[in-house]
Amino acid sequence: MEFRAEARYMRVSPQKARLVLDLIKGRRVEEAMNTLLFTKKRVAETVHKLLRSAVENANYLSAEKGVEVDLDNLYVKRAVANDGPRMKRIRPAPMGRAYRYQRRMAHIEIALAEKGKDKGDSGVATVVGEETAAKKAARPRAQASGKRAPARKAAAKK
């Protein structure tokens with residue numbers, strides 16, 4: 001099961017947010033929170049708040065809805081910063097002109113999952129992988145020389 005939290009219209013460029021999100025992808029929640037506490041980027045505080053919100057969403061589902069969740073086993077499955085709308089601004093320039101620039105916004109999303117409970121971690125995937133390997137072995141091999149047969153020429157017009 002996946003537990004999500006999303007922060008929309010954050011006043012940070014998505015590129016800067018991705019720098020911080022890349023630090024926590026795939027890590028355990030406790031380790032990710034410690035990483036965010038000691039990161040010197042301004043957006044790290046926002047991401048930390050968002051991560052806490054995702055953990056609280058998991059906690060709520062385990063307490064209220066009866067879903068079995070081990071909070072110590074959670075890890076950051078997905079951390080994404082997408083583009084939001086851009087604010088167009090104008091800066092004064094020499095000789096009465098104006099330079100246009102854009103203030104970027106980001107939509108940040110964090111998804112948590114429990115280790116060992118993902119669909120990809122089940123034993124079914126390995127069996128399917130073995131079947132595809134067996135099918136590949138049964139296929140006839142291409143010519144070893146690597147040369148192709150010459151293409152047929154179209155009939156010449158008279």
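The values are calculated or read from the model by the stated rules, or taken from the named source; none is laboratory data. Here the structure is a predicted model, which means the values were calculated and not measured. All Cβ positions, glycine included, derive from the backbone under ideal geometry; neighbour counts span all protein chains shown.
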Practice task
Give me a count of the residues in the range 67-103 that are at pLDDT below 95, surrounded by 11 or more Cβ atoms within 10 Å (Cβ to Cβ) and of a type in the set (Asp, Glu).
Solution key: 1
Completion exercise
For the range 16-42, the count of residues that are of a type outside the set (D, E, K, R) and in contact (Cβ under 8 Å) with a residue 40 or more places away in the chain equals 6
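Which members of the range 58-79 meet the condition of being of a type in the set (S, T, N, Q) and under 16 Å from Gly116 (Cα atoms)?
Listed by number, the list holds a single entry, Asn73.
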Exercise for the section: Starting from the range 83-102, take each residue that is touching a residue at least 12 places away in the same chain (Cβ under 8 Å) and list its partners that are hydroxyl-bearing (Ser, Thr, Tyr) and assigned to a strand (DSSP E or B), counting only C-beta distances under 6 angstrom and pairs at least six apart or across chains. Expected result: Gly84/Tyr9; Arg89/Tyr101
Practice task
Would you mention how many residues in the range 1-41 are of a type in the set (A, V, I, L, M, F, W, C), touching a strand residue (DSSP E or B) at 6+ places or on another chain (Cβ under 8 Å), farther than 21 Å from Lys115 by Cα and not in a helix (DSSP H, G or I)?
Solution key: 3
Practice task
Report whether or not Asp83 is within 18 Å of the chain's Cα centre (by Cα) and charged (D, E, K, R).
Solution key: yes
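Could you grab me the full set of residues in the range 19-31 that are surrounded by 18 or more Cβ atoms within 10 Å (Cβ to Cβ) and within 10 Å of Val43 (Cα to Cα)? Before you say what the answer is, go through the steps one by one.
Taking the range 19-31 as the starting set, the residues that turn out to be surrounded by 18 or more Cβ atoms within 10 Å (Cβ to Cβ) are 20-21, 24, 29.
Hits for the range 19-31 are Val20, Leu21.
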Completion exercise
By residue number, the members of the range 44-66 that are free of Cβ contacts under 8 Å to residues at least 40 places away in the same chain, among the aliphatic types (A, V, I, L, M) and surrounded by 13 or more Cβ atoms within 10 Å (Cβ to Cβ) are Ala44
